[in-house]
Amino acid sequence: MKKLIYDGTTYYYQDGKLYDRSFLEVPKADSLPILSNYYAKVDYSEFSEQELINYIKAIKNSELYTLCIDVISFGANKFSDSLNYLNIVFPIVTSCYRLSGNPQKAIDFWISKKNKYKSILSNPLLTSLAAAYCDVKDYRMALYCAKKAYVMQGGKVGYKNELSLVYERIKKEAPELFKK
């Protein structure tokens with residue numbers, strides 16, 4: 001657990017959750033400004049690729065989506081030759097855009113990158129894009145991305161994994177796409 005002090009009060013932070021001095025979880029609405037303040041002070045400029053990825057995941061888990069996108073952008077410049085970095089963070093970017101209420105930005109992000117980075121198209125990225133297309137009610141593109149993700153993961157869908165949830169959403173919101 002990391003110890004944080006904010007406005008003279010001591011908090012503890014672990015795995016995306018903030019606890020008060022009695023080790024009771026701080027409500028998310030109250031924790032956002034504290035965590036935002038904490039993460040804003042971190043100098044990540046010298047982080048290794050893996051350290052930056054871990055930092056990005058922690059920021060996302062803390063629901064600091066704008067900061068997460070900014071840090072990913074920094075890393076994309078610093079590690080521009082690392083397809084591993086981009087493969088990991090592209091689905092996080094699209095997810096952050098969606099979770100912050102900007103699904104069209106998630107779609108536009110990938111459209112602007114797809115010609116250069118087609119080789120890192122992955123199941124998590126396609127699943128996130130399928131969900132973004134659902135958000136903007138473009139169910140044909142959502143189904144297209146979901147089908148590609150399904151093939152990439154070897155035709156196996158878990159009972160309640162993200163891809164199966166996207167399929168359920170498409171079937172519920174656009175059942176006509178599944179009629180023969």
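Over the stretch 47-178, what relative contact order in percent results from Cα pairs under 8 Å that are six or more residues apart?
17
What lysines does K179 reach when the alpha-carbon gap must be under 25 Å and sequence neighbours fewer than 8 apart in one chain are set aside?
Within the straight-line cut-off, K179 pairs with K137, K147, K148, K156, K160, K171.
For the stretch 1-54, which GluC sites (Glu not before Pro) are in a loop by DSSP, counting at most 13 other Cβ atoms within 10 Å?
Taking the stretch 1-54 and a limit of 13 other Cβ atoms within 10 Å, the loop GluC sites (Glu not before Pro) found are E46.
So how tilted is helix 103-113 from the main axis of the chain? Cα-based, degrees 0 to 90, rounded to 10.
Its long axis makes an angle of about 80 degrees.
Going by the alpha-carbon gyration tensor, a ≥ b ≥ c the square roots of its eigenvalues, is the stretch 1-41 rounded (a/c under 1.5) or, if a/c is not under 1.5, prolate (a/b greater than b/c) versus oblate?
rounded
What aspartates and glutamates could a cross-link reach from K17, if we take a straight Cα to Cα line under 15 Å and drop same-chain neighbours fewer than 8 places away?
Within the straight-line limit of under 15 Å, K17 reaches these aspartates and glutamates: E25, D30, E63.
When only DSSP loop residues count, what chymotrypsin sites (Phe, Trp or Tyr not before Pro) in the stretch 14-99 have their Cβ near at most 14 other Cβ atoms within 10 Å?
Those that pass, being in a loop and sparsely packed, are F23.
Would you work out which of A76, Y12, Q153 lies farthest towards the positive end of the dipole of the chain, given +1 charges on the beta-carbon of Lys and Arg and -1 on that of Asp and Glu, about the Cα centre?
The one lying farthest along the dipole's positive direction is Q153.
DSSP loop trypsin sites (Lys or Arg not before Pro) in the stretch 26-89 with at most 14 other Cβ atoms within 10 Å of their Cβ, which ones?
K41
So what is the relative contact order for the stretch 1-41, in percent, with contacts set as C-alpha pairs under 8 Å and at least six apart?
In percent, rounded to a whole number, it is 24.
Could you work out how far helix 65-78 tilts from the main Cα principal axis of the chain, as a 0 to 90 degree angle to the nearest 10?
Tilt relative to the chain: about 80 degrees.
When the dipole is taken about the Cα centre of the stretch 1-41, and only Lys, Arg (+1) and Asp, Glu (-1) are charged at their Cβ, what size is it in debye, to the nearest 20?
It comes to approximately 160 debye.
Please give the helix 49-61 orientation as an angle from the longest Cα principal axis of the chain, in degrees from 0 to 90, rounded to the nearest 10.
90
Which entry is the computed semi-axes √(5λ) of the Cα gyration tensor in Å for this structure: (i) 27, 20, 16; (ii) 40, 17, 16; (iii) 33, 20, 13?
Calculated semi-axes √(5λ) of the Cα gyration tensor in Å: the matching label is (iii).
Each value in this text was obtained by applying a stated rule to the coordinates, not by laboratory testing. Remember, it's a predicted structure, so these values are computed and weren't measured experimentally. Reconstructed Cβ throughout: ideal geometry from the backbone, glycine too, with neighbour counts over all protein chains shown.
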